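As structure tokens, the structure follows; a few thoughts come after it.
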Amino acid sequence: MIRIAISGAGGRMGRALYDFAKACPDIEVVFGVDTYCVDLSYPVFDTFDCCTLTADVVVDFSNPSALDGILDYAEKTGAKVILATTGYSDAQQEK
């Protein structure tokens, strides 16, 4: 079982990823992160700093401004990261 977190959970791609994961018996969405209040069927946190759950993988479809929180979370928990967000600065790409 792969336990994932969706960054940008309330967005179009975040919702599509959740729908895909529901159809896959080997994937479980543990939580999402989104700065906007969203009504989803799994826990959603405002930021990774507020998150109390762990996942194996973070899939990011959010905003470049979320990168630091995602990387900090991954470093603390050992989660792998898939970055599907565009528009990173050169400094962010270096991280």
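With θ taken as phi - 60° and the Karplus curve 6.51 cos²θ - 1.76 cosθ + 1.60 applied, the whole-hertz 3J(HN,Hα) list for the range 84-94 is 10, 8, 10, x, 5, 6, 4, 5, 5, 5, 5 Hz, x standing for glycine and proline. The angle separating the long axis of helix 12-22 from the principal Cα axis of greatest extent in the chain is about 40 degrees. Around the amide H of residue 7, modelled in the peptide plane, lie the amide H atoms of 33, 59, 60, 61, all under 5 Å away and 5 or more residues distant in sequence or on another chain. The label-point distance for residue 90 and residue 24, in a model that sets each label 7 Å from Cα toward Cβ, rounds to 3.6 nm.
Residue ranges 3-11, 61-69, 79-87 sort as 3-11, 61-69, 79-87 when ordered by packing (mean number of other C-beta atoms within 10 Å per residue, highest first). On the protein heavy atoms, probe 1.4 angstrom, tell me the percent of accessible surface of the chain carried by carbon and sulfur. Carbon and sulfur atoms account for 53 percent of the accessible area of the chain.
For residue 2, the residues 5 or more places off, or on other chains, whose built amide H falls under 5 Å of its own are 27, 28. Maximal additional length on extending the residue 13-residue 82 stretch stands at 23.5 nm, based on 0.36 nm per residue less the C-alpha distance.
Computed per residue of the chain from DSSP H runs no shorter than four, each worth -39500 (n - 2.57), the mean residue ellipticity at 222 nm is -8000 deg cm²/dmol. Taking all protein chains into account, the per residue accessible area for the chain stands at 61 Å² (1.4 Å probe). Residues whose amide H falls under 5 Å from that of residue 80, counting only those 5 or more places apart or on a different chain, are 57, 58, with hydrogens built in the peptide plane.
The values are calculated or read from the model by the stated rules, or taken from the named source; none is laboratory data. Note that the structure is predicted; figures quoted are calculated from it, not measured. Positions of Cβ are backbone-derived with ideal geometry, glycine not excepted, and every protein chain shown enters the neighbour counts. Ligands, DNA and RNA are stripped out before the accessible areas are found, and what is left, the full protein with its side chains, is counted by its heavy atoms. Shrake-Rupley method; radii C 1.70, N 1.55, O 1.52, S 1.80 Å.
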